[in-house]
Every structure is written in C-alpha cells, then in structure tokens.
Amino acid sequence: MIMRTLAKELNSKSGKVNLAGWVNSRRDHGGLIFIDLRDHTGIIQLVIDPNTANAFKLAESLRDEYVIKATGTVRKRGAGLENPNIPTGDIEVVVEDMELLNKSEALPVNVHDEGQQTGEDLRLKYRYLDLRRPSMQKRITRRSEYYRFMREYMHEKEFIEVTTPILANSSPEGARDFLIPSRLHPGKFYALPQAPQQFKQLLMVGGIPRYYQIAPCFRDEDPRADRLYGEFYQLDCEMAFVDDGEVVRKEMEPLIKGLVKDFAGKKLLSEDIPRIPYQESMEKYGCDKPDLRYGMELIELTEELRGTEFSVFAKAECVKAICVKGGADLSRKQIDNFTEQARKLGAGGLAYLTYTDEGIKSPIAKFMSEKELDAITKKTGAKAGDAVFFGADKRDKVNKVLGALRISFADHFGLKDPNVVALCWIVDFPFYEWDDKNKKLDFGHNPFSMPKGGLEALRAAKTDEERLAIVADQYDMVMNGYEICSGAVRNHNPDVMYEVFGILGYDKKYVESRFGGMLNAFKYGAPPHAGCAYGIDRMFMELENFDNIREIVAFPKNGSGMDLMMDSPSTVDDYQLKELSIEIAKEEIDLN
C-alpha cells in the first residue's frame, strides 16, 4: 500500500514524508539532481544527493512523466532559491529513498498549462493525458464540488434522489432517439431516454412527494459549442401536488442564486429574477433566451414609419430598430460584416442611421422626413456617437435578424461582463406551433405539459389560429443568453392528453401505444405535479467562464460526434448484428 503526503499538505514543519506522483521536470546540476514532483494538488521540489546512492542512480535515469514515490525530509529552501510561483516554493524535500513505479514514453500531447497547447482532436484522442494538466485537474474537482452543492440543496429541501431507467421506450421529445435493438425481442427497440420525463411523472403517481436526480440524457442532435453530442446531464426534479409553475420557480431560484454567488463568486445583475412572457421576449430581444446584461432592445417603429417614402420600410409588415451605443465608430468594413450576417439570416440588407455631432448621416436619411427621423431618435434614445440599425420584413424575420445582430453587437463592443450573471424566467410558451415544412400544427415544447385553461381551453379552440394562441404553463430559466432550465406543470389528466394529441390528428390508439404506461397510471389517482430540469453541463460552462462545453467534461466527443480516444462509433462483428436481427443495408453501386 502506498501511503503518501500530498503536495498541498506540505509545510516547513512536515518532517519526514512519503510522496508519490509524476516527474514534472528533472534538472541535473552535477553534484545534485532536482526533480519537480507533481500530484493532483501541486508541485514539490525533490533534492537528490549523490550520497544516497540508490536514489541518485535512479534519479539519473528519470524522464518527464515517470511515476515515482520518494521518502525524505522537508526543509526550507536556501535564501534566494525560493520559487514564488508555486505554493510550496519556499520548501523542498531532501530524498532518502526513491522507487520507480512506472515509466512513460514520450508524450504526444502537452500535459502542462504553459507553452503551446495541443490541438483539440489530439487532446481528445489522448484525453487521459490531457487530464493531467493542472487546469483540467481543477476543472474536474470543481465539477465534483458543483455536484455536491446541488445535492446538498436538494436534500435540504427534502427532495428524494431516485435513479430512473436507461433502457426506455422511444418518445417524441423533439430530438432523435438513440435506438437499441432488443436481442430477446427481435424487431423491437429500446431507446436511451432523452429525459426521465415519463418516469418522474410516474414517481409522482407512486406517492413520491419530491424527486430529483442528476440524470444522464441522450439525444441524437448535432453538437455545438454549448451542446455536447449524444449525452448530457441535467438536474431533474419534480414536485407532487403543485399546479402552478411559480411554486417550482420559487423553490429552485435560491439554488441557482447560490451557485452564482457562493459557488462561482459572481455578481447577480438582479436579486429579483424577472418573468418574461415568451411573446414579449421574442418582440423585445428577438429570441426566447435573452442576455439581459446589456440593453439594445428591439424598438417597434412600424406605425411611426407607415407611409414613409423609403420603400423598403413602406412595404414591410414590421419595422424595428436597435440602438447601438458607440456604433458611430464602426468602420465601413465592420458594418459590411454585420450586413453580411443579416443577409445570411434572410434579410435583404441592413439599413442604418449614424448619429454625429453634426447630425444624422446615412444613405437612407434623404428618403425620410424630419418627423420620421425625430420619431426614430425619440423612441430609440439615440445620441451623438450612436448608430441605429433597422430590420424591415415579416415580423418573425425581423425579430430573428435583429435578435442575432443584438448578440453580435454585444460581442463586438464587449458588453458581456463575465463576472455578472443575468437570470430570467421565460414563461407562457405556445402550446402548439406551426410546422412550415409539413404545413400543420405541432407541439411547441412537449406533449406532457398542461395547457393553461386545461381541457376547456383545448375544446374551445376550433381553428388553427385559436389553437396557436393556447399557452402552456411552461417555463425556461435563462442565464446570460443560455437556456439552462426547462420545466412545466404536467398534464396528469388522461382526457387532456387524448385531446392535445387529437388536435394534431393522433387517435386514442396511437396515444395509448406510445404512452400507455403513463395513461394507465393517470387513471389511478394521479396528483397534480410540476417540475423542471437544469442543463448542468451548460450552466457549469457559463459559471466557470468557458466558451466550449467540451472543456468542462472529462471525456467528450469531438465536434463531429466522434470519441477519438475510444474510436467510437465503430463497426461490429456480423455475429453481433445477426443476434440482434439486424442487417446493414449495402449502398447500391452505379456501374455505368
């Protein structure tokens, strides 16, 4: 058994110690050999004297990343020989005995935080080496502390931790399932759960008053900088006898505030977390996950510019603007870059006004009356040094384009203070939305939420337009422009579930075949219940100031969804496919 003292535990009074770790570096000064020994808590300098013959002989053969253990005595370093860059820089260990535990080949990646960093693909291929870097060690430790912080809060609030199945049934949660063929039941499939949604609702039926778990979730979605491929974790919770989403929101807010202030050491923009209706968010910020650390709200100008001689505005269903403080200093090239972004989002161009001490300057100003220019100035609050950028098109497109430009302008002008966290709740999501591709209604969020007004509201809506006006008691929490939580009051009434699916053309037989377990359970006294789920990977990324979510996970897939370390996904043997009654379709080869 290896008994060892950690680097962080050492001080000048430590006396005789046993150490173990990796050779961080080795320096041969002729009469003495110095080794920087690294463990997961820090670095300590070892001194090996030729008089300790066995240890000195071994020290001569050591190379970086060899694994060793050493016994010696702690002493203060000589005057002028201290290293102020490490916590143990004023002490060293004089080695009496040393043993080689394992050798190391030359490393393919850099395991130090200093120097040029290795490219991401190589780091992920050798992730077990990349994890040795002190910054990665800190990240993994911080994540463990993060989990503990959440668990302590949930236990304090009397939530019961319950694990739910990984092998589940396929469910239309809005993303592609990962399907698992059944060997015992040929032609049938399990699915990895996109979320524990059905199971946690069944726990409520089962009498569990408050449930939570740090749950693995699986979705076959394309990876992004803020979304891992394939698998992620969420803090999932549910509360029985709750029929108002505000109860859940108030119960969970102290946890998130605590994570911001006590765990991450950051400042809240506001202790009072605003509730913003979905439609208001879309109109004011152009998205349903607004970053409130900066202004630049979308300003409605449709009525003010109705009848204008500027044809682009005159023909538009909707005209809006954003005022960019300091925007008058943007160069022509920079404005062209923002214009190109707008075009890629579907806009015809990007009209703007520049405000200077001499007045308004713009190619479009000559087409507008003084009254119109005054109205724009008054509503946007523009002053000398600012610029006002416009969107004019169908309302949804205007919101989309200006919403994206709002974020880009904030990035350009450095308005996203990393030490400030702005939280908000987006509420009252549309229960249904219009599917342009298939020209029909579809679920706006998920089918398990309770529409406000219940069965009466569903039956009263006779047209698609009326159905699109139905809102659900659904809510998202947003942190600095990232959606970190989604929740809802659940549908616990079988009649409501039949109705919400029936509106979309699904009959009772379909609903029972897909959700039979839940429907049957709801017939036996299901209490009202509500809950939410926090995306803890994304939240941790923001709290720890990372732009790439792969940096905060021990073993992530790369940007293409590949596990370069384990060479996954990979092919399997034919006999495995045969056991599962699966045959790989061969692509037809055109010989012409």
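The values are calculated or read from the model by the stated rules, or taken from the named source; none is laboratory data. These figures come from a predicted structure and were not determined experimentally. Neighbour counts are summed over all protein chains in view; Cβ atoms, including those assigned to glycine, are modelled from backbone coordinates with ideal geometry. Each accessible area value is taken on the protein alone, full model and side chains, heavy atoms only, with ligands, DNA and RNA left out. Shrake-Rupley method; radii C 1.70, N 1.55, O 1.52, S 1.80 Å.
Numbers below:
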quantity: Conditions (1) crowded, with 17+ Cβ neighbours inside 10 Å; (2) assigned to a helix (DSSP H, G or I); (3) within 33 Å of the chain's Cα centre (by Cα); (4) not basic (K, R): number failed by E499; calculated: (3)
quantity: Residue among A53, A59 that alone is without any contact (Cβ under 8 Å) to a residue 40 or more places away in the chain, open to solvent by less than 20 Å² (accessible area, probe 1.4 Å) and not polar (S, T, N, Q); calculated: A59
quantity: Qualifying positions in the range 186-204 - open to solvent by 20 Å² or more (accessible area, probe 1.4 Å), modelled with pLDDT under 95 and over 29 Å from S581 (Cβ atoms); calculated: L202
quantity: Residue count, the range 306-354 (criterion: under 14 Å from A375 (Cα atoms) and either open to solvent by less than 30 Å² (accessible area, probe 1.4 Å) or touching a residue at least 40 places away in the same chain (Cβ under 8 Å) (or both)); calculated: 7
quantity: Residue ID - surrounded by the most Cβ atoms within 10 Å (Cβ to Cβ), chosen from residues in the range 71-83 that are part of a strand (DSSP E or B) and either in contact with a Lys or Arg (Cβ under 9 Å, 6 or more places away or on another chain) or of a type in the set (D, E) (or both); calculated: G72
quantity: Positions within the range 399-454 being of a type in the set (A, V, I, L, M, F, W, C) and over 30 Å from K266 (Cα atoms), in sequence order; calculated: V401, F431, W434, L441, F443, F448, M450
quantity: For E358: the one exception among (1) under 28 Å from E309 (Cβ atoms); (2) open to solvent by 50 Å² or more (accessible area, probe 1.4 Å); (3) touching a Phe, Trp or Tyr at 6+ places or on another chain (Cβ under 6 Å); calculated: (3)
quantity: Residue count for the range 483-496, restricted to those that are crowded, with 22+ Cβ neighbours inside 10 Å and either in a loop (DSSP other than H, G, I, E, B) or aliphatic (A, V, I, L, M) (or both); calculated: 5
quantity: Selection within the range 381-416 - assigned to a loop (DSSP other than H, G, I, E, B), over 12 Å from G481 (Cα atoms) and open to solvent by 50 Å² or more (accessible area, probe 1.4 Å); calculated: K383, A384, K394, F413, G414, L415
quantity: Selection from the range 562-572 of residues that are small (G, A, S) and either modelled with pLDDT under 90 or assigned to a strand (DSSP E or B) (or both); calculated: S568
quantity: Filter result (within 22 Å of E280 (Cα to Cα) and without any contact (Cβ under 8 Å) to a residue 12 or more places away in the chain) within the range 418-468; calculated: D435, E465, E466
quantity: Members of the range 429-481 found to be surrounded by fewer than 13 Cβ atoms within 10 Å (Cβ to Cβ) and in a strand (DSSP E or B), listed by number; calculated: D435, K440
quantity: Residue within the range 188-203 that is aliphatic (A, V, I, L, M), in contact with a Cys (Cβ under 8 Å, 6 or more places away or on another chain) and part of a loop (DSSP other than H, G, I, E, B) present; calculated: yes
quantity: In the range 231-265, residue farthest from R139 (Cα to Cα) [restricted to those that are open to solvent by 10 Å² or more (accessible area, probe 1.4 Å) and in a strand (DSSP E or B)]; calculated: A240
quantity: Condition met for V47 (open to solvent by less than 30 Å² (accessible area, probe 1.4 Å), modelled with pLDDT of 95 or more and among the β-branched types (V, I, T)); calculated: yes
quantity: Which listed residue, of I86, I91, I68, I140, is touching a residue at least 40 places away in the same chain (Cβ under 8 Å), aliphatic (A, V, I, L, M) and open to solvent by 60 Å² or more (accessible area, probe 1.4 Å); calculated: I140
quantity: Where E161 falls short, out of the listed (1) of a type outside the set (S, T, N, Q); (2) touching a His at 6+ places or on another chain (Cβ under 9 Å); (3) more than 21 Å from R249 (Cα to Cα); calculated: (3)
quantity: Qualifying residues in the range 9-66 (those that are part of a loop (DSSP other than H, G, I, E, B) and β-branched (V, I, T)) - the one farthest from N85 (Cα to Cα); calculated: T52
quantity: Residue that is nearest to R275 (Cα to Cα), among those in the range 295-305 that are touching a helix residue (DSSP H, G or I) at 6+ places or on another chain (Cβ under 7 Å) and open to solvent by 20 Å² or more (accessible area, probe 1.4 Å); calculated: E297
quantity: Filtered residues of the range 511-559 (kept if in a helix (DSSP H, G or I), more than 30 Å from G258 (Cβ to Cβ) and either open to solvent by 60 Å² or more (accessible area, probe 1.4 Å) or touching a strand residue (DSSP E or B) at 6+ places or on another chain (Cβ under 7 Å) (or both)); calculated: E512, S513, R514, N520
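A quick yes/no check of all residues on (1) within 18 Å of L100 (Cβ to Cβ); (2) of a type outside the set (A, V, I, L, M, F, W, C):
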position	(1), (2)
R4	yes, yes
A7	no, no
L10	no, no
G15	no, yes
A20	yes, no
G30	no, yes
I35	yes, no
I43	no, no
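Residue-wise test of (1) touching a residue at least 60 places away in the same chain (Cβ under 8 Å); (2) within 30 Å of M565 (Cα to Cα); (3) open to solvent by less than 40 Å² (accessible area, probe 1.4 Å).
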residue: R127; (1), (2), (3): yes, yes, yes
residue: R132; (1), (2), (3): yes, yes, no
residue: R148; (1), (2), (3): no, yes, no
residue: A175; (1), (2), (3): no, yes, yes
residue: L184; (1), (2), (3): no, no, no
